[in-house]
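Accompanying notes for the structure given below.
Throughout, read-outs are computed from the coordinates displayed, never taken from laboratory work. Keep in mind that what you see is a predicted model, and the values were worked out from it rather than measured. We place every Cβ from the backbone using ideal geometry, glycine too, and count neighbours over all the protein chains shown.
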Amino acid sequence: MAHDPLYETVIGLEVHAQMRTQSKIFCGCSTTFGAEANTQICPVCAALPGVLPVLNTELVQMAIKTGLAIQGKIRERSEFSRKNYFYPDLPAGYQISQFELPIIEQGELHVVTDDGNKKKIGITRIHMEVDAGKSLHEGIQGFSWIDLNRTGTPLLEIVSEPDLRSSQEAGAYLKKLRSILRYLQVCDGNMEEGSFRCDANVSVRKQGQTRLGTRTELKNLNSIRRCRCPGNPTLGRHLEHHPSHARQGRGPRLSLFPRTRSPPAGDSSGPH
Amino acid sequence: MDPSQLTLVQTQSMLRARQISARELAIAFLDRIDRINPDINAFITVDREGALRAAQQADERLHQGNATPMTGIPIGVKDLFCTENLRTTCGSKMLSRFIPPYESTVTRKLKEAGAVILGKTNMDEFAMGSSNETSWFGPVKNPWDPQRIPGGSSGGSAAALAAGLALATIGTDTGGSIRQPAALTGITGLKPTYGRVSRYGMIAFASSLDQAGPMARSAEDAAVVLQCIAGHDAQDSTSIRADVPDYAKTLYPRMDAIRIGIPTEYRPDNLLPEIQQALEKAEQIFRDLGAVLVPVSLPHTRYAIPTYYIIAPAEASSNLARYDGIRFGYRCQDPVDLKDLYTRTRTEGFGDEVKRRIMLGTYVLSSGYYDAYYRKAQKVRRLIANDFHEAFKSVDLLLTPTTPTTAFPLGDKIDDPVAMYLSDLFTINVNLAGLPGISIPCGTDAQGLPIGMQLIAPILKEENLLSAAHAFQTATTWHQRKPEL
Ligand SMILES: [Zn+2]
């Protein structure tokens, strides 16, 4: 990794933490991992005509607990929005998420960096949202199978400020966050089963600049070790390529470890 | 026995007194449906077997003495309430073979009360339309004149009642879909407060506007049906946690000291003269009943149609995304890939009006236009609601025409969407404000076609609407007129 002293790496992390609620976010179905396909679904999960979501109280309590643990501001009135896009394992044709009024805002988390200093990392927001189902393609010719068991599994999306300056700091942040969620018993933190997933927004800028450079999104960093590894190939590649990158706009969306899908690029309509 | 001459309340006492059995009653209505429905197309599905089974159970309950006011009453249900194991089409090719595996709250309550569901009534496709001409199952004919539309979208529920094919029906109202067809077919139709009746299992068109309600031959009959279906439901978070009053008991034949506001904006110059005259006569009747009439203003009335045609299509475009050919409903033949599957399924499965509204809705929600259209429409909606809020500081009810014209000929407006949209001019704001409104018959035009008037009340004041409508119907006979069939 080219450590040019003139440049600094700026990292913000988006963690998707699956909440350990008894039932799904908007219906009474179980959230147990690994059940036979489509055995933990109901009319709400399958988005049958006429169904309505009923918010899981336990999830709201877990979100508030998490908010308190990071000294966040808890909104008395928060709001769900729909993010519309077509995808076979998204039964309603929209994801229900929080957009304008997330339940938690302005939190912080303190990490110890490798040189032993304490550092405050801002948490922009935490919001509640639903997970999608799974499309299964392996070993099937000409069509795909859809498993909706995971549909409606509650997630907290925890978005940090771009306060992290190295993969080491990012790793420390993730480790701290995961231990808090585990201590609160709201998330099992199992990265292999996907119950704690991380996307990173990485950019590089000249020391002393305040504006962020071109951003690259790294989806689904599925282990903390991978994120912390000093030789992380993607972080490194980003640095090397930086001087030739355009400075404006967002960089390409990368999919490193495609365990789960990101919304397709054709998503033109915003949340509402 | 001629079932078309009965009212729900009369039938209740006949059933209790053993003058008729629920089975005899069901058979009389089913036979009449067989005879008349082919001409007016009010029912999409007739459930003879299910109705007879329910009638038999109703007779047992009547015998055991644990009947409810709805036990044994033959009804029709708009075909957008999911009924377990009974086809629910929403008037669309997309769902023409959809058999729900679950029951809507409204139909569950009706079944539990012992009502006899004769079948599922015709409607505009996905409740989008004001004439019942957009149904995949063909238009409904107005029993008063088969060359004319019955109104929409609950056109089948309205026509079934007017033709004496049921004692009550259930409709839904997003912008006037209960009240407008009620007016055009000479029946009583109530749109309750948003949230008074559960929307669970009711196929969504515009979620912030949709509301189910009773259609009946009188306010008295409507009160019994509303009693059965109203109330909070844990499966609908937008249903209101409020006690349901005993509507039948709150009906009162006088209106002493009740203040009725007459909104000046609801009497445009081009209003059909017969409607204007019918309203003036109705005003006099209300005065005679003891009411005080005062002019009021609802200054944002003219923004109703543009506001509605941003909000409703926006919500519809999202609600209808689930009809993608993947899990249920229509799927195109031999798709070559995912995009082809989506495109052809939706192109072939939806009709023109539904597609028009999906495109409109997708446009106003798209990034870059959201603030200019959807967010602005939400602000205007607030202003419209505030108008009513202000008016209700000085009056108890509002009185308006229900529709600008009487029933128009089939085919008249189907190629002119804007002209069609204007049919709901007087009803739309009530949905935007979430208020209850009722349409009751109050006259006829030169050709003998029914004219309806609308009463509007503050949130959760359905009993005041029903009571005022009942007082009017005690003093008049318009609601008793029936078409020759
Ligand atoms: Zn479920």
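Mean separation of Cα pairs under 8 Å and 6 or more residues apart, divided by the residue count, gives the range A:7-214 a relative contact order of 32 percent. Computed over all pairs of different Cα atoms, the Kirkwood value for the hydrodynamic radius of chain B is 22.2 Å. The residue among A:GLY72, A:PRO49, A:LEU59 whose Cα reaches farthest toward the positive pole of the charge dipole of the range A:45-84, with charges on the beta-carbon of Lys, Arg, Asp and Glu, is A:GLY72. Evaluated at q = 0.21, 0.28, 0.29, 0.30 Å⁻¹, a Debye calculation over the C-alpha positions of the range B:219-267 (equal weights, vacuum) places log10 I(q)/I(0) at -0.87, -1.00, -1.03, -1.07.
Could you tell me the distance between the Cα centroids of the range B:91-113 and the range B:380-442, to the nearest Å? The distance from the Cα centre of the range B:91-113 to that of the range B:380-442 comes to 28 Å.
The eigenvalues of the Cα gyration tensor, multiplied by 5 and square-rooted, give the range A:7-214 an equivalent ellipsoid with semi-axes of 32, 20, 16 Å from largest to smallest. For the range B:177-301, the percent of C-alpha pairs falling in each 5 Å distance bin, counted from 0 to the bin holding the largest distance, reads 2, 9, 13, 16, 20, 18, 12, 7, 2, 0. Over all distinct Cα-Cα pairs of the range B:46-158, the Kirkwood formula returns a hydrodynamic radius of 14.7 Å. From the P(r) of the range B:342-410, can you give the percent of Cα pairs sitting at distances over 14 Å? Here the tail beyond 14 Å accounts for 77 percent of pairs.
When each of B:HIS300, A:HIS137 is scored by the number of other beta-carbon atoms lying within 10 Å, the sequence from fewest to most is A:HIS137, B:HIS300. The phi-based Karplus calculation (6.51 cos²θ - 1.76 cosθ + 1.60; θ = phi - 60°) puts the 3J(HN,Hα) values of the range B:296-306 at 9, 10, 10, x, 8, 3, 5, 8, 4, 5, x Hz, whole numbers, x for Gly and Pro.
The spacing between the range B:141-212 and the range A:93-124, judged by their C-alpha centroids, is 50 Å. Our summary gives the range B:255-393 a relative contact order of 29 percent, counting only alpha carbon pairs under 8 angstrom and 6 or more residues apart.
Ordered by the count of other Cβ atoms within 10 Å of each Cβ, fewest first, B:PHE98, A:PHE196 give B:PHE98, A:PHE196. Normalised by the number of residues in chain B, the mean separation of alpha-carbon contacts (under 8 Å, six or more apart) gives a relative contact order of 18 percent.
Sort out for me the Cα centre separation of the range A:9-36 from the range B:215-280, rounded to whole Å. The two parts, judged by their Cα centres, are 45 Å apart. Note on chain B: helix-only mean residue ellipticity at 222 nm, from DSSP H runs of 4+ residues weighted -39500 (n - 2.57) and normalised by residue number, equals -11500 deg cm²/dmol. Phi angles of the range A:63-72 translate, via the Karplus equation with coefficients 6.51, -1.76, 1.60 and θ = phi - 60°, into HN-Hα couplings of 5, 5, 3, 4, x, 5, 5, 9, 6, x Hz per residue; Gly and Pro are given as x. With no solvent and one equal point scatterer per Cα, compute the Debye intensity ratio I(q)/I(0) for the range A:49-142 at 0.17 Å⁻¹ and report its log10, rounded to two decimals. At q = 0.17 Å⁻¹ the computed log10 ratios are -0.85.
Name the shape class, rounded, prolate or oblate, that the alpha-carbon gyration tensor gives for the range B:25-111, where a ≥ b ≥ c are the square roots of its eigenvalues, rounded holds for a/c under 1.5, and otherwise prolate holds if a/b is larger than b/c and oblate otherwise. Oblate, since a/c reaches 1.5 and b/c is not below a/b. Against the empirical curve 2.2 N^0.38 Å, the C-alpha radius of gyration of the protein assembly as shown lands at a ratio of 1.07. Ranked for footprinting exposure by Cβ neighbours inside 10 Å, fewest first, B:MET202, B:MET14 give B:MET14, B:MET202. If you look at the Cα atoms of the range B:362-485, you get an Rg and a Dmax of 17.9, 55 Å.
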